[in-house]
Amino acid sequence: MGRAQPRWLVQPLGADGTPYRADGGSPTVMTAAQLAAADAGRPRWVLDGADRHYPALLRAGVRLTRCHDIVMTERLLQGRVGEFGVPVAAAAVVARATGAPVPADPGAQPAADAVPALFDTPAAGPQPERPDAVLDRLGAALRDQLGRLSRQPQPAPLRLLVAADSTSALAAVELSAAGMPWDADEHDRLLSALLGPRPRHGGRPAKLQALADQVAAALGGRVNPDSPTDLRQAFYRNGIELTSTRSWVLKSIEHPAIAPLLAYKELARLYTANGWNWLSTWVVEGRLHTEFVPAGVVSGRWATRGGGGLQLPRALRAAGRARSGWTLVVADAAQLEPRVLAAVSADPALQQICRQDDLYVALAADGFGGDRAAAKLAMLGAMYGQTSGEAGRLLATLRARYPASMALLQRAADTGEAGGVVHSVLGRASPPPSEAWRTVTAADTPRAREQARSWGRFTRNFVVQASAADWAAVWLSLLRAELLAGAAPGAELVFFQHDELILHCPSEQAQTVCELARSTADAARALVFPRSTAATPVRPVAVGCYADAK
DNA sequence: TGCATGGGCGCC
DNA sequence: AAAGGGCGCCCATGCA
């Protein structure tokens with residue numbers, strides 16, 4: 001007895017997003033093969049959360065090329081609705097979640113193209129929703145969203161963002177399922193070389209324990225180097241008062257315990273965060289299976305759930321290896337954020353600087369006496385809101401030479417300090433500050449000012465970080481579209497980290513993939529920053545092993 | 001025993 | 001005068 005083939009219920013929708021059951025189109029039950037055939041016509045499928053519905057499709061061998069993700073879109077729209085209080089649309093969302101009808105939207109505008117709705121046939125549950133009810137709910141939600149989109153002051157960039165976020169939702173499911181190729185044996189060798197062999201019955205690995213013993217000996221007594229309190233007490237007994245046990249604080253101390261302690265901290269981090277337990281939990285059949293969460297960060301950056309997929313330590317990247325006969329293409333957008341700042345601010349001088357391959361070299365030559373490190377420190381400090389130290393002093397140079405970009409950052413910070421909302425280049429809104437923040441900052445106290453400035457640093461950085469995330473999402477979407485169109489047979493996306501993409505492809509496709517990564521980055525720049533001359537250069541490298549990429 | 005919080009550190 | 005943004009995850013710790 002074979003298992004029943006999975007099937008999906010598909011509702012064709014009219015051009016205005018209205019289900020047209022009444023005039024002939026009726027819900028159809030489709031097999032995976034039929035869905036795949038239907039996708040060849042490049043419809044924009046409507047999904048009530050790709051993370052909920054796409055994994056099953058993918059397991060059945062169906063890849064969807066384009067979609068409108070109701071959940072991703074709702075988050076984008078709600079961020080833009082009200083600055084304060086409960087957004088107007090929240091009521092509709094609650095209604096949808098409970099299966100109650102959504103109020104019709106009289107202002108709905110026609111969609112750009114016909115869209116089929118698509119979702120799993122209702123699973124057995126306590127109270128499965130009737131298929132028609134699901135269809136009505138989805139159709140109403142779509143009409144509602146298209147209407148709200150068209151009423152935005154600048155709908156075009158936001159529509160691009162909706163498309164990019166929706167595609168990201170599909171790509172995240174695919175990336176999570178594919179997994180980065182990861183060589184567990186190599187990982188084990190690296191760990192053993194650094195830490196000593198894997199301990200058999202608990203306890204620390206040999207080299208870690210030896211360092212812990214050295215620390216204890218140097219401090220004259222028992223001390224748990226994993227305990228900040230313990231450490232501070234031990235140092236206090238030795239006549240040293242520590243404000244914290246952070247490594248940069250320790251580095252300024254002269255004491256025989258410091259060197260082994262710093263070494264211990266570094267290795268202990270490796271052992272606990274990416275040691276053998278991590279390996280056996282997250283690496284399955286040669287792939288690292290972390291779960292990607294598209295736009296999981298308020299700025300639109302992706303997050304990961306499990307496995308710490310966005311914090312793969314450099315020391316272990318040699319374990320990221322292509323299969324035999326295959327190649328990893330590692331493509332990252334170099335110095336993305338200052339380039340994004342130049343583009344969103346349309347600062348002529350900074351855009352000029354950003355035409356250079358290494359913009360920090362050009363920046364250093366322009367106003368920092370050729371000191372690249374100083375130029376970089378100043379630029380990063382400006383984008384993060386640093387005002388003290390060397391970065392603070394160098395800020396004056398940036399203000400004098402790049403007034404437009406520095407003014408944009410200052411406006412963003414001022415808006416945040418006043419409790420306002422800022423937006424990315426495509427229109428993603430920053431979250432409004434909490435009620436608690438409003439209460440605290442209403443006072444005229446040092447704490448109030450500190451809280452206000454802190455939120456200002458967040459909004460200052462948001463305009464850059466979120467705009468960079470816009471660009472990256474469009475880049476990813478364009479590259480994925482090329483792959484689905486067959487531009488590099490066999491190539492698949494396996495990793496995405498803010499401004500870096502990794503693809504796994506048959507070695508003979510590597511140069512094609514490199515070129516695709518470059519060309520789609522250029523196309524993304526033209527779409528996201530159409531009036532900017534600042535480049536967003538991508539430098540793909542074809543390697544057998546992730547560690548060789550930098 | 002489980003849960004929440006803070007210190008600390010990895011990545012961008 | 002002003003003391004760098006975003007995350008996820010580990011451990012230790014204090015509490016119920």
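Couple of notes before you dig in:
- Residues considered: A:Q509, A:Q497. Of these, the only one that is within 20 Å of A:C545 (Cα to Cα), open to solvent by 10 Å² or more (accessible area, probe 1.4 Å) and away from DNA strand B (no atom under 14 Å from the Cβ) is A:Q509.
- Scanning segment A:496-540 for residues that are modelled with pLDDT of 95 or more and hydroxyl-bearing (S, T, Y) turns up A:S507, A:T512, A:S519, A:T520.
- Of the residues making up segment A:416-430, not a single one is closer than 15 Å to A:S345 by Cβ, of a type in the set (K, R) and buried (at least 21 other Cβ atoms within 10 Å of the Cβ).
- Exactly one residue among A:V344, A:V340, A:V298 is in a helix (DSSP H, G or I) and open to solvent by 20 Å² or more (accessible area, probe 1.4 Å), and that residue is A:V344.
- Within segment A:189-204, tally of residues that are within 21 Å of A:S247 (Cα to Cα) and either more than 13 Å from DNA strand C (Cβ to nearest atom) or not in a loop (DSSP other than H, G, I, E, B) (or both): 2
- The residue that is surrounded by the fewest Cβ atoms within 10 Å (Cβ to Cβ), counting only those in segment A:431-459 that are within 15 Å of DNA strand B (Cβ to nearest atom) and closer than 23 Å to A:A342 by Cα, is A:R457.
- Some residue of segment A:310-328 being open to solvent by less than 10 Å² (accessible area, probe 1.4 Å) and either in contact with an Asp or Glu (Cβ under 7 Å, 6 or more places away or on another chain) or within 8 Å of DNA strand C (Cβ to nearest atom) (or both): yes
Every residue, every condition in (1) more than 29 Å from A:A535 (Cβ to Cβ); (2) aliphatic (A, V, I, L, M), yes or no:
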| residue | (1), (2) |
| --- | --- |
| A:A375 | no, yes |
| A:A382 | no, yes |
| A:G385 | no, no |
| A:L398 | no, yes |
| A:L409 | no, yes |
| A:R428 | no, no |
| A:G456 | yes, no |
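- If you go through segment A:382-415 and keep only what is surrounded by fewer than 18 Cβ atoms within 10 Å (Cβ to Cβ), within 16 Å of DNA strand B (Cβ to nearest atom) and part of a loop (DSSP other than H, G, I, E, B), you end up with just A:Q386.
- Every residue from segment A:262-285 that is assigned to a loop (DSSP other than H, G, I, E, B) and away from DNA strand C (no atom under 11 Å from the Cβ): A:E285
- Here A:E186 passes the criteria (1) without any contact (Cβ under 8 Å) to a residue 12 or more places away in the chain; (2) away from DNA strand C (no atom under 12 Å from the Cβ) except the one numbered (1).
- Residues of segment A:146-164 that turn out to be closer than 30 Å to A:G309 by Cβ and buried (at least 24 other Cβ atoms within 10 Å of the Cβ), as a count: 2
- Any hit, segment A:243-261, residues being away from DNA strand C (no atom under 15 Å from the Cβ) and within 27 Å of the chain's Cα centre (by Cα): no
- Lone qualifier among A:D366, A:D357 - being open to solvent by 30 Å² or more (accessible area, probe 1.4 Å), closer than 26 Å to A:G544 by Cβ and touching a residue at least 24 places away in the same chain (Cβ under 8 Å): A:D357
- Of all residues in segment A:291-300, those satisfying the criterion of being closer than 16 Å to A:A171 by Cα and within 7 Å of DNA strand C (Cβ to nearest atom) are A:V293, A:G296.
- Among (1) in a loop (DSSP other than H, G, I, E, B); (2) more than 16 Å from DNA strand C (Cβ to nearest atom), the one test that A:V361 misses: (1)
- Evaluation of A:L377 against the conditions (1) within 16 Å of DNA strand B (Cβ to nearest atom); (2) free of Cβ contacts under 8 Å to residues at least 60 places away in the same chain; (3) open to solvent by less than 50 Å² (accessible area, probe 1.4 Å); (4) hydrophobic (A, V, I, L, M, F, W, C) shows that the sole unmet condition is (3).
- Cβ-Cβ under 6 Å pairs, at least 6 apart or on other chains, segment A:426-438 side in the same structural domain as A:R460 (by TED's automatic domain parsing), far side in a loop (DSSP other than H, G, I, E, B) and open to solvent by less than 40 Å² (accessible area, probe 1.4 Å): A:R428/A:G300; A:A429/A:V421; A:S430/A:V421; A:S430/A:V422; A:P432/A:V421; A:P433/A:G419
- Positions within segment A:219-242 being hydrophobic (A, V, I, L, M, F, W, C) and either within 12 Å of DNA strand C (Cβ to nearest atom) or surrounded by 18 or more Cβ atoms within 10 Å (Cβ to Cβ) (or both), in sequence order: A:L219, A:V223, A:L231, A:A234, A:F235
- The set of residues in segment A:250-266 that are under 14 Å from A:A218 (Cα atoms) and not hydrophobic (A, V, I, L, M, F, W, C) comprises A:E254, A:H255, A:P256, A:P260, A:Y264.
- For segment A:476-494, a residue qualifies if it is touching a Ser or Thr at 6+ places or on another chain (Cβ under 6 Å), buried (at least 22 other Cβ atoms within 10 Å of the Cβ) and closer than 15 Å to A:T167 by Cα, and the qualifying residues are A:S477, A:L479.
- Any hit, segment A:205-216, residues being closer than 30 Å to A:G309 by Cβ, within 13 Å of DNA strand B (Cβ to nearest atom) and part of a loop (DSSP other than H, G, I, E, B): no
- Filtering segment A:407-425 to residues that are without any contact (Cβ under 8 Å) to a residue 60 or more places away in the chain and hydrophobic (A, V, I, L, M, F, W, C) leaves A:A412, A:A413, A:A418, A:V422.
- One residue stands out among those in segment A:309-348 that are farther than 28 Å from A:Q511 by Cα and more than 21 Å from the chain's Cα centre (by Cα): the one that is farthest from DNA strand B (Cβ to nearest atom), which is A:P348.
- Of all residues making up segment A:349-372, the number that are more than 26 Å from the chain's Cα centre (by Cα) and among the basic types (K, R): 1
- In segment A:246-285, the residue that is nearest to DNA strand B (Cβ to nearest atom) out of those that are of a type in the set (S, T, Y) and open to solvent by 40 Å² or more (accessible area, probe 1.4 Å) is A:S247.
The values are calculated or read from the model by the stated rules, or taken from the named source; none is laboratory data. Just so we're clear, the structure is a prediction, and the values are computed from it rather than from any experiment. Here the Cβ is made from the backbone with ideal geometry for all residues, glycine too, and neighbour counts use every protein chain on show. Quick note on the areas: whole protein, heavy atoms, side chains included, nothing else; ligands and nucleic acids left out. Shrake-Rupley method; radii C 1.70, N 1.55, O 1.52, S 1.80 Å.
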